[in-house]
Amino acid sequence: MDFGEALKLVDGIVTSNMGRSLRNPEIAILEGTWNGFTYEQIAHVSEYSTNYLMRDVAPKLWKFLSDALGTSVGKTNFRIVLDEVAGKNAVGTTLDTPDAASLLSTSGLSTPNLQVAWESEGFPESLATLRQWILEDRCQLLSIYGLSGAGKTVLARRLIESIGDQFEQVIWQSSISPLSQLAESIAGHEAQGVIADYSDPVSALIEVLSRRACLIVIDAVESILQPGELAGRYRSGYENYGHLLRRVGELPHRSCLVITGLENPPEIARLSGQSSSVRALHLKEFSETAAV
């Protein structure tokens, strides 16, 4: 699900329950939250004050969504809840190139000031580094990590727009899904045959990634980790993601897996120091001056 789809979903919920469409301050909060910005950063790239957004608009918006959806909704879990509501939690979004760029046209930089922040904060250089690692150095496993508000998701989307047409298949996963379902999403029509040949989804995925060149982005990988345990304990049922990261980094194949998160999972922290096919890019938080 991209932000355009999320916005349409939330607008439908608001219209059905309140008889009106989303208002501009609410849209600003939703877009900023979707891209991991703080309220201060949202205020800097909009016409609204931090106090107005944080103290007036946001509490009412989150309370309404919580009541309407029957579950607690806030700034930290907005994306996860929306994916679950849309029924996307089980399957990643498949983008078949060369149309990947158009399908990801809502890149989180629709506000002009966000484009200024992008350029002034050195993101073009970060994008160039990622392009080199993937296209020239043939890296197989990459991590984009940093604090909330660093622009990890924005950078990952720009990466897909930039190099998606170099791959046979592009997968964007921003929700929590068991690895077996991710394997089915990536394998597509090959799923039954490929998965049936292997006893575990990790082996099936490695086989698919060896057969064709795929670019896979798993956004906000901390969502499959135990809360408060970012050092590497995976949530129950998602432990095999650790095995996937290790094998994607160690075994030869034709694809590249990119993850974004607050910190590096231990598999990447370990492999990036041992293998040239595994690398990590640390992003710093947007500065206030850059977002003005």
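The values are calculated or read from the model by the stated rules, or taken from the named source; none is laboratory data. Since we're looking at a predicted model, the values are computed, not measured. Using ideal geometry, Cβ is built from the backbone for each residue, glycine included, and neighbour counts are taken over all protein chains shown. All accessible areas refer to the heavy atoms of the entire protein, side chains included, with ligands and DNA or RNA removed. Shrake-Rupley method; radii C 1.70, N 1.55, O 1.52, S 1.80 Å.
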Checklist line | Criterion: open to solvent by 60 Å² or more (accessible area, probe 1.4 Å), farther than 14 Å from L182 by Cβ, modelled with pLDDT of 85 or more and not in a loop (DSSP other than H, G, I, E, B) - qualifying residue of R270, R254 | finding: R270
Checklist line | Close pairs (7 angstrom Cβ cut-off, 6 or more residues apart or separate chains): over 16 Å from L225 (Cβ atoms) in region 255-272, among the hydroxyl-bearing types (S, T, Y) anywhere | finding: none
Next item on the list: Kindly provide the set of residues from region 131-154 that are open to solvent by less than 10 Å² (accessible area, probe 1.4 Å) and more than 18 Å from V278 (Cβ to Cβ), ordered by number.
Entry: G149, A150, G151, V154
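This table checks each residue for (1) open to solvent by less than 60 Å² (accessible area, probe 1.4 Å); (2) at pLDDT below 85.
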position: D11; (1), (2): yes, no
position: V14; (1), (2): yes, no
position: N17; (1), (2): no, yes
position: R23; (1), (2): no, no
position: I27; (1), (2): yes, no
position: E31; (1), (2): yes, no
position: T38; (1), (2): yes, yes
position: Y48; (1), (2): yes, no
position: M54; (1), (2): yes, no
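Check A196, A187 and return the single one that is modelled with pLDDT under 70 and open to solvent by less than 10 Å² (accessible area, probe 1.4 Å). Talk me through it step by step, then tell me what you get.
Values: A196 fails: open to solvent by less than 10 Å² (accessible area, probe 1.4 Å).
Result: A187 is the single residue among A196, A187 that is modelled with pLDDT under 70 and open to solvent by less than 10 Å² (accessible area, probe 1.4 Å).
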Item checked: Residues located in region 30-66, provided they are in a helix (DSSP H, G or I), without any contact (Cβ under 8 Å) to a residue 60 or more places away in the chain, of a type outside the set (A, V, I, L, M, F, W, C) and over 20 Å from R157 (Cβ atoms) -> Y39, T50, N51, Y52, R55, D56, P59, K60, K63, S66
